[in-house]
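A quick write-up on the structure given underneath.
The values are calculated or read from the model by the stated rules, or taken from the named source; none is laboratory data. Nothing here was measured: the structure is a model prediction, and the numbers come from that model. Cβ coordinates were reconstructed from backbone atoms using ideal geometry, including for glycine residues, and neighbour counts include every protein chain displayed.
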Amino acid sequence: MGITVRDLTKVYVTRKGAGWFRKVREEKVAVDSLSLEIPAGRITGLLGLNGAGKTTTIKMLTTLLLPTRGGANIDELDLVRDAAAVRRRVNMIAGGERMVYWRLTGRENLWYFAQLYQVEPSRVNSRIEELLELVGLKDAADTPVERYSKGMKQRLQIARGLINDPSYLFMDEPTLGLDAPIARQLRGVTRDLAVTRGKGILLTSHYMAEVEELCDYIYVIDQGRLIASGSASELKALTHQERLLRLTVLATAPAVRAALQSVAEHHGARLGWEDAEGSLQVTLRSAADLTAEAVAAVTGAGANILRLESVEPSLEDAVLALAEPGTRPGEAGTDAAD
Amino acid sequence: MGLASVRPLLAVMRRNFIVNRRAYQWSFFVGNMITAMYTVALGYFMYVVLFQRQVDASFVRYSGTSDYMTYLILGAGVYTLSVRTMLNVSRSLISERREGTLESLFLTPVSRPGYLLAVMIQQTAVSGGEFLLAMLFAWPFGLNLSHVSWGGVAAAAAATWVGLFGLSILLGAVMLYTRDTYLSQNTLFWVIYLVCGLVFPVQYLPVWVQVISRWIPVTGAVNLLRAAAMAGQGPAQMLPSLLFYGGLSVVYLLTGLALMGWVERVALEEVLS
């Protein structure tokens, strides 16, 4: 069970004015032969810079846009041929305040969408109450949405996206602009939906920490093409992202420097230091985690460590590196898991 | 249509009712009543004060009646009904787009024709009520229904309903494609007002305009209503006209639905391309 995407392609055709009576046809490839898997019970990330094709991909997979070529299977359903049935199984949550009716109250919005999705009549009220509780809008349930704050509107939109209890949920920047506690709560809910309730989730977000925290597997696309995929750590390794180890050593003895130099040379790490009033500020950059070796070297040389900090390579740096053609580890479709 | 598939349509009607009540309250209703009454009052003063209740022989020949006030009141009523219905049904999808709810609507499994049908039914209830009130207010100006055939009125109403639905969907597709409401709707309303025989017989217009008039469902709506309300024609007597205008309305409806499907795709792609 899951979503299998095969060679999904979207070409936008636009006509731009070229003089008074002439229009020139222009084609823009937004998504190019994209293949990916969104398994049930897992959170899959879709990352890329602006204009990479993330939103277009999500809109095709939610039946809002017709693919130009290729397709997808949602469980046993075909994305295009069985569009009406697919709509019952999926939903989308996008960041921002739209996608709900401002003249209606929060409760009326959820009731309305429950009817459109034909939620079991006996379940409608309890489902609405559950969702209002979940997004913290119980007290404002009967207030027209136009009086909600931006964050409240967004929370209502999240509830709307869950109203049909979808098997697959597409989350396009869901925490954009949310307060930190609500964003954290939503992350908890997202994880719970996947792990406990077996939903398949595709997540895009500019908050890389969020993607790293939540996603089991990540696809990176650039200009509509898949350029890499793997777990967060696999993607970082793929771009040779370095860990940074910072040490403050209570000694400046040559023996300490020699020991650290030896560790750096042995692992091909970059070593730097700076004397600072009887102590040594050391930086060690390496793809591998050299914490244990560095600590052993310093203590073996008879020195004490005053402070130690290990900085993980960031997923953001990895994605940026992947998006730069010159620094890509391989051709399009490189898969760290392969 | 099963009971289950009716639920989304009832929900669309209820939502529209709540939104309209909160957004416009009485302003739209009052505006429409004023337009209808203004048309009737202006016609009344011209007819009574300027022409001393006399109509030209050509008017009698073209319209088949010398009762200009009933002729005018029914025309003004159909205009009000048409404008109000088309305004809200045609603008339903472009309003969803402007309010940012088009995507959340299209994400749901509700059928597009079903959604439009629900909007049309809800609007018919509102516009129909306004039409009846307009007739009531206009009664003192000389509405004479002594020869009315209620069966004919019902048949005319059915044909009018299909015709306005088709016209609304076509206009809605144009609006969604051009992203314009003001120019497209007002141009159409002016054309309807001038060429559909609402305040004077179309025979006064150039022949080529009469040809255009014949192919607009509103012309059929007002002709059928006058035949039933003024000449007392029942459905059997109106059958040829009913078949022609009914058929024309169905053509409008099917064309509108086909066009709307294409325009929806274009509208969604435009947001992203």
What about B:Ser249, is it crowded, with 16+ Cβ neighbours inside 10 Å, under 30 Å from B:Ser92 (Cβ atoms), small (Gly, Ala, Ser) and free of Cβ contacts under 8 Å to residues at least 40 places away in the same chain? no
Can you work out which of the residues in region A:118-141 that are part of a loop (DSSP other than H, G, I, E, B) and touching a Lys or Arg at 6+ places or on another chain (Cβ under 9 Å) is farthest from the other protein chains (Cβ to nearest Cβ)? A:Gly136
B:Leu136 farther than 30 Å from A:Met92 by Cβ, assigned to a helix (DSSP H, G or I) and more than 14 Å from chain A (Cβ to nearest Cβ): yes
Given the structure, is A:Leu77 in the same structural domain as A:Asp139 (by TED's automatic domain parsing) and under 24 Å from A:Ala232 (Cβ atoms)? no
Taking the options A:Lys28, A:Lys23, name whichever one is among the basic types (Lys, Arg) and either outside the structural domain of A:Val80 (by TED's automatic domain parsing) or modelled with pLDDT of 85 or more (or both). A:Lys28
Expected single match for modelled with pLDDT under 90 and farther than 30 Å from A:Gly70 by Cβ among A:Leu280, A:Leu235 is A:Leu280
Region A:38-64 - residue that is small (Gly, Ala, Ser) and surrounded by fewer than 24 Cβ atoms within 10 Å (Cβ to Cβ) and, of those, farthest from the other protein chains (Cβ to nearest Cβ): A:Gly41
Would you be able to say whether some residue in region B:164-179 is within 14 Å of chain A (Cβ to nearest Cβ), surrounded by fewer than 24 Cβ atoms within 10 Å (Cβ to Cβ) and of a type in the set (Lys, Arg)? no
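Can you confirm whether B:Arg112 is surrounded by fewer than 18 Cβ atoms within 10 Å (Cβ to Cβ) and within 14 Å of another protein chain (Cβ to nearest Cβ)?
Details: surrounded by fewer than 18 Cβ atoms within 10 Å (Cβ to Cβ): yes; within 14 Å of another protein chain (Cβ to nearest Cβ): yes.
Against the criterion (surrounded by fewer than 18 Cβ atoms within 10 Å (Cβ to Cβ) and within 14 Å of another protein chain (Cβ to nearest Cβ)), B:Arg112 qualifies.
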Within region B:17-45, residues farther than 18 Å from B:Gly77 by Cα, more than 10 Å from chain A (Cβ to nearest Cβ) and in a helix (DSSP H, G or I) come out as B:Phe17, B:Ser27
Subset of region A:74-99 [of a type in the set (A, V, I, L, M) and free of Cβ contacts under 8 Å to residues at least 12 places away in the same chain]: A:Ala84, A:Ala85
Go through region A:55-100 and give me each residue that's β-branched (Val, Ile, Thr) and assigned to a strand (DSSP E or B). A:Ile74, A:Val90, A:Ile93
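Going by the structure shown, is A:Leu137 free of Cβ contacts under 8 Å to residues at least 40 places away in the same chain and either not hydroxyl-bearing (Ser, Thr, Tyr) or not assigned by TED's automatic domain parsing to the domain that holds A:Tyr219 (or both)?
Yes: the conditions hold for A:Leu137.
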For the list (1) closer than 24 Å to A:Thr4 by Cα; (2) buried (at least 21 other Cβ atoms within 10 Å of the Cβ); (3) not aromatic (Phe, Trp, Tyr), I need the number of the one condition that A:Asp216 fails. (2)
Is it fair to say B:Ala154 is surrounded by fewer than 19 Cβ atoms within 10 Å (Cβ to Cβ) and among the aliphatic types (A, V, I, L, M)? yes
From the list B:Val49, B:Val55, B:Val83, which one is aliphatic (A, V, I, L, M), farther than 21 Å from B:Gly128 by Cβ, assigned to a helix (DSSP H, G or I) and away from chain A (no Cβ under 14 Å)? B:Val49
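Is it the case that B:Ala228 is crowded, with 20+ Cβ neighbours inside 10 Å, modelled with pLDDT of 95 or more and hydrophobic (A, V, I, L, M, F, W, C)? Walk me through how you get there before you give the answer.
Details: crowded, with 20+ Cβ neighbours inside 10 Å: yes; modelled with pLDDT of 95 or more: yes; hydrophobic (A, V, I, L, M, F, W, C): yes.
Taking the combined requirement at face value, the residue satisfies it.
I'd like to know if region A:68-88 contains one or more residues that are under 21 Å from the mean Cα position of the chain (by Cα), within 11 Å of chain B (Cβ to nearest Cβ) and of a type in the set (A, V, I, L, M).
For region A:68-88, residues under 21 Å from the mean Cα position of the chain (by Cα), within 11 Å of chain B (Cβ to nearest Cβ) and of a type in the set (A, V, I, L, M): absent.
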Just to be sure I understand the filter: pairs with C-beta atoms under 8 Å, separated by 6 or more residues or on different chains, first member in region B:227-238 and farther than 16 Å from B:Asp67 by Cα, second member modelled with pLDDT of 95 or more and of a type in the set (Asp, Glu). Which pairs pass? none
Would you confirm whether any residue within region A:12-32 is more than 11 Å from every other protein chain (Cβ to nearest Cβ), over 18 Å from B:Leu268 (Cα atoms), touching a strand residue (DSSP E or B) at 6+ places or on another chain (Cβ under 6 Å) and of a type in the set (Asp, Glu)? yes
Conditions: (1) at pLDDT below 85; (2) in contact with a strand residue (DSSP E or B) (Cβ under 6 Å, 6 or more places away or on another chain). A:Leu271 meets all but one. Number of the miss? (1)
Filtering region B:167-179 for residues that are touching a Phe, Trp or Tyr at 6+ places or on another chain (Cβ under 7 Å) and over 11 Å from B:Met260 (Cβ atoms) leaves a count of 1
Region B:173-191 residues that are in contact (Cβ under 8 Å) with a residue 40 or more places away in the chain, paired with ones that are not in a helix (DSSP H, G or I) and not charged (D, E, K, R) (beta carbon under 7 Å, 6 or more apart): B:Met175/B:Thr181
Across region B:39-76, which residue is surrounded by the most Cβ atoms within 10 Å (Cβ to Cβ) among those that are within 24 Å of B:Pro217 (Cα to Cα) and among the aromatic types (Phe, Trp, Tyr)? B:Tyr71
Filter region A:31-56 down to the residues that are touching a helix residue (DSSP H, G or I) at 6+ places or on another chain (Cβ under 7 Å) and β-branched (Val, Ile, Thr), then identify the one that is modelled with the lowest pLDDT. A:Thr55
All-but-one check, B:Val12 against (1) away from chain A (no Cβ under 14 Å); (2) within 30 Å of A:Pro121 (Cβ to Cβ), failing number (1)
Can you give me the number of residues within region A:101-117 that are touching a residue at least 12 places away in the same chain (Cβ under 8 Å) and within 11 Å of chain B (Cβ to nearest Cβ)? 10
Looking across region A:283-297 at residues that are out of contact with any Asp or Glu (no Cβ under 6 Å at 6 or more places or on another chain) and of a type in the set (D, E, K, R), the single one that is farthest from A:Ala255 (Cα to Cα) is A:Asp289
